Amino acid sequence: MLPLIYHSQYSALTLPDKHRYPINKYRLLFEAIFHSELSNKVSIHQPNRADITKIKAIHDSEYVDDLLFNRLPAAKMRRIGFPWSDELINRTLLSTGGTQLTVDLALEHGIAIHLSGGYHHAHHDFGSGFCLFNDLAIAAKHALSFSHIDKVMIIDCDVHHGDGTATLFADDPNIITFSVHCDKNFPARKPDSDVDLALERNTSTDDYLTALKGVLPLLLAQHRPDLVIYDAGVDIHQHDELGYFDISKQGLYQRDHYILAQSKAQNIPVAAVIGGGYRTNHQDLVELHLQLIYAALLVHNK
Ligand SMILES: [Zn+2]
């Protein structure tokens, strides 16, 4: 069985009309899995809210408290892009806990997939771009608390640069950050990851895969991580409303399959999150995010 991590509160957030954030995609994705033959091949795990001390191991304590208790200045909330609400805090804490649980289950089963996560624009003392707490960073730090985990690699294939993660671990030799992203897209300022693969707008499926295959095997061989945390954002898709690449659905599958197979070949467990993906019709995202599930089932013979 392929472990999937999900909580019904992920989509429980009321947003203003025409808000960009595809809040319903989590529920729609879960329902698509639950009501198909995939349901026989997966196990569903429900996370708890993240431990505040784990969040404060990554984020500034005052920032965390200001966010939790609705004391953050309006300008800082605007940079995040959500109006504050109890629901927002609840889903954020659950989603942060979810990526941590994904790490735990990946270490146990070799692979686990979080049907949320990828909030890579959250920095030490501020959030941005729909990201409050950096679940990838919190989970990576959590992973290092296991005695047999000395090095974690975060492979961030969301179309947007993983700026928060890059900055948080700029001086941490045990957490390697690798971002594959569009060179001219949000965020405008892209601080250095350990390795950045910046691709131009309109990059095709073939060019994307060629570029990835030119870097990843060397990186895995060089760093030999004990765990990969993989952000499988689908906003690299050709019809994404916030991405500028020209990558097909089949290309998404090939990317996910390649990264999971490379990791499996080297016995590196993978904790994957679904990451970004933006369409006015949230249902259009379901089939795209399912590619990660299909790839994981094949690579892990589930
Ligand atoms: Zn993105």
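What follows draws every value from the coordinates through simple rules; no lab data is involved. Being a predicted model, the structure only gives us computed values, none of them experimental. FYI the Cβ positions are ideal-geometry reconstructions off the backbone, even for glycines, and counts take in every protein chain you see.
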Study note, to complete from the structure: Ranked on Cβ counts within 10 Å of their own Cβ, fewest leading, TYR230, TYR244, TYR26, TYR278 go TYR244, TYR278, TYR26, TYR230
Review point. What does the charge count near GLY276 come to, summing +1 for each Lys or Arg and -1 for each Asp or Glu among other residues with Cβ under 12 Å from its Cβ?
Key: -3
Point to revise | Span from the region 84-155 Cα centroid across to the region 178-249 one, whole angstrom | key: 19
Point to revise | the chain: most fluctuating residue of ASN202, ASN281, ASN174 per GNM, C-alpha cutoff 10 Å | key: ASN281
Review point. Lysine pairs, Cα distance under 13 Å, 8 or more residues apart or cross-chain: how many in the chain?
Key: 4
**Study point:** the chain: relative contact order as a whole-number percent, Cα under 8 Å and 6+ apart
**Key:** 20
Review point. How many nm separate the modelled label positions at HIS124 and ALA221, each set 7 Å beyond the Cα in the direction of the Cβ?
Key: 3.5
Study note, to complete from the structure: Relative contact order in percent for region 1-155 (Cα pairs under 8 Å, 6+ apart) equals 30
Practice item. Using a 10 Å cut-off on Cβ atoms, rank the peptides 165-171, 221-227 from the highest mean neighbour count down. Key: 165-171, 221-227
Revision key, fill the gap. Output ordering of 150-156, 92-98 (per-residue mean of other Cβ within 10 Å, highest first) is 92-98, 150-156
Exercise for review: Taking the Cβ of PHE245 as the centre, find all other residues whose Cβ is under 10 Å away and add up their charges (Lys, Arg: +1; Asp, Glu: -1).
Suggested key: -4
Check your understanding: Short version: what are the Cα gyration tensor semi-axes of region 246-302, square root of 5 times each eigenvalue, largest first, in whole Å?
Key -> 23, 11, 10
Review point. By average Cβ neighbour count within 10 Å, what is the ranking of 48-58, 64-74 from highest down?
Key: 48-58, 64-74
Exercise for review: Taking the convex hull of the Cα atoms, report for the chain its projected area averaged over all directions, in nm².
Suggested key: 13.7
Study note, to complete from the structure: Computed from the beta carbon distance with a Förster radius of 45 Å, FRET efficiency for ASN90 and ARG201 to the nearest 0.05 stands at 0.75
Exercise for review: Would you mind getting the Kirkwood hydrodynamic radius of region 83-236 from its Cα pairs, rounded to one decimal in Å?
Suggested key: 15.8
Exercise for review: May I ask you to derive the FRET efficiency for HIS35 and GLU287 from their Cβ-Cβ distance with R0 = 22 Å, giving the value to the nearest 0.05?
Suggested key: 0.95
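Provide the percentage of antiparallel DSSP beta bridges, counting only those with both residues in the chain; round to the nearest 5.
The answer is about 5 percent antiparallel.
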Check your understanding: What FRET efficiency comes out for the pair THR14/LEU242, r = Cβ-Cβ distance, R0 = 22 Å, nearest 0.05?
Key -> 0.55
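Once fully extended, how much extra length lies between ALA211 and SER145, figured as 0.36 nm per residue of separation less the alpha-carbon to alpha-carbon distance? Intermediate results must be reported in sequence, preceding the final value.
Details: separation 66, 0.36 × 66 = 23.76 nm, distance 3.31 nm.
Result: 20.5 nm gained on full extension.
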Exercise for review: Kindly point out which whole DSSP H helices in the chain project their C-alpha atoms 18 angstrom or further along the helix axis while averaging a Kyte-Doolittle hydropathy of -1.0 or above.
Suggested key: 86-109, 205-223, 286-299
